[in-house]
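Read the figures in this text as sums done on the coordinates, not as results from a lab. This is a predicted model, so every value here is computed, not measured. Note: ideal-geometry Cβ built from the backbone for every residue, glycine included; neighbour counts use all protein chains shown.
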Amino acid sequence: MGEAIFSRTYGGDDLSSWQVAHEMSVRLEDGALVVSDTSRHSWHLLRLYDSAVLFRTVRMKCRLKFCRTATTNFYIHHYGSLDVAEISSDGTIVNEGISNKVSINKISDGLFDVEVTFLSCHPTLSIGCSNNRQPVYSGSGREQFFLMSVLVETFDAYSELSRTPVEERITLIDVGGQEGLQVKWMLKADQITPVVFEPIAPEAALVRQTLGRIPGAQVVEKALAHAAGTQKLNIAAASGCSSLREPNFEILQHYSIGPIFRTIDTRDVECVRYDELFRTRAVPSPDVIKIDVQGFEYEVLVGFGHLLESCLAIELETHFVPIYRGQKLIGDIVNMLGDFGFALRQVRQVPNFDGDAVEFDALFTKRRDRVTALAERARRKFHVITDVLGILPYT
């Protein structure tokens, strides 16, 4: 694996860095973390957050001693219902999950060093208890194990993240990616080529720190639009509500969430059409597009031009009510995308407006007749995309 990029040992008071995430209780005693589950039916996990582990090969070495009252196994968890490893109190490897390697070194009765290596596609690590391959269970409330130390090392994962051939990888265009990729796409890091658009330089730099670990990934410091030129970005009190359109307070004033749309600053940003960037070979043709640009979705889609013909799916935030001045609404988007062979497959209400049906996440895919006509490679990509988006396949 080469030289470690990051290495840290958690022991003594440092073990408190592992915070309760789901239905555990912990206490420090004689330099060890005493870990108990609870009687609630749930996951039972401790979690550590560190972006150093994201899109890296991780090696963890945990020294632990099972308690006499233990009723469960020691469990290492990835994010998204993915097991890494599960070890019983006698040192048996019950489940190797997604790990590349699991090894157990028995030091004495009930005392073990557990070492695992795996590809991490999330900025957290999780350890806890599982009940014989059932990580969601009703616990006993008893002490399960003493955690004495955890060594965490990370290594470059380029080879693992490159295992899907370039031509088979899904090109994901993320427009408005201030906080990076959605978790559902992070977990597919070995199968995607992400291109993220974020016009504010400091925000783009933060995304690039981790996204750059994925082969072929790009962060473009521009805003997408229907025409090239400079436009004014209205910076909202909540940065996620910032938009190239002005907030419509004739409507927003009626909602408790309204004040966070207040403009606190403006900034000139460079806007480009996506198809123009593609024409100059600066970006690839999209397979799937995700858009979250606060009322400017229609204009962004117009800027993709003819590339929408070959795109397979689109996920965007849209509105039934114009909370930004002059914005196009969901009906306009449905009509426009219909001309490119898209069908609206799902709408999911975003519950931000005191129960009113104002904001929605909308999922579009190519219509059934277009999917039937796809080449085999595109059809394989379509299957992966719809699975990630949670859309039922055509029958």
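Within segment 170-212, the set of residues being of a type in the set (Asp, Glu), within 15 Å of the chain's Cα centre (by Cα) and closer than 20 Å to residue 300 by Cβ comprises 174, 179.
The requirement of being surrounded by fewer than 17 Cβ atoms within 10 Å (Cβ to Cβ) and part of a helix (DSSP H, G or I) is fulfilled somewhere in segment 259-271, by at least one residue.
The single residue among 157, 201, 205 that is more than 30 Å from residue 39 (Cα to Cα) and buried (at least 21 other Cβ atoms within 10 Å of the Cβ) turns out to be 157. Filter segment 230-252 down to the residues that are touching a strand residue (DSSP E or B) at 6+ places or on another chain (Cβ under 7 Å) and surrounded by fewer than 15 Cβ atoms within 10 Å (Cβ to Cβ), then identify the one that is farthest from residue 352 (Cα to Cα). The qualifying residue farthest from residue 352 (Cα to Cα) is 230. When segment 117-151 is filtered for residues that are among the β-branched types (Val, Ile, Thr) and either in contact with a Phe, Trp or Tyr (Cβ under 7 Å, 6 or more places away or on another chain) or crowded, with 23+ Cβ neighbours inside 10 Å (or both), the ones remaining, listed by number, are 124, 127, 136, 150. Here segment 42-98 is the region considered, the condition is being in contact with an Asp or Glu (Cβ under 9 Å, 6 or more places away or on another chain) and of a type in the set (S, T, N, Q), and the residue that is farthest from residue 128 (Cα to Cα) is 57. Only strands (runs of 3 or more DSSP E) whose full extent lies in segment 29-126 are considered here, and the ones with at least 3 residues that are without any contact (Cβ under 8 Å) to a residue 40 or more places away in the chain are 83-87, 93-95, 101-108.
Among the residues of segment 179-203, the ones that are acidic (Asp, Glu) and within 20 Å of residue 389 (Cβ to Cβ) come to 2 in all.
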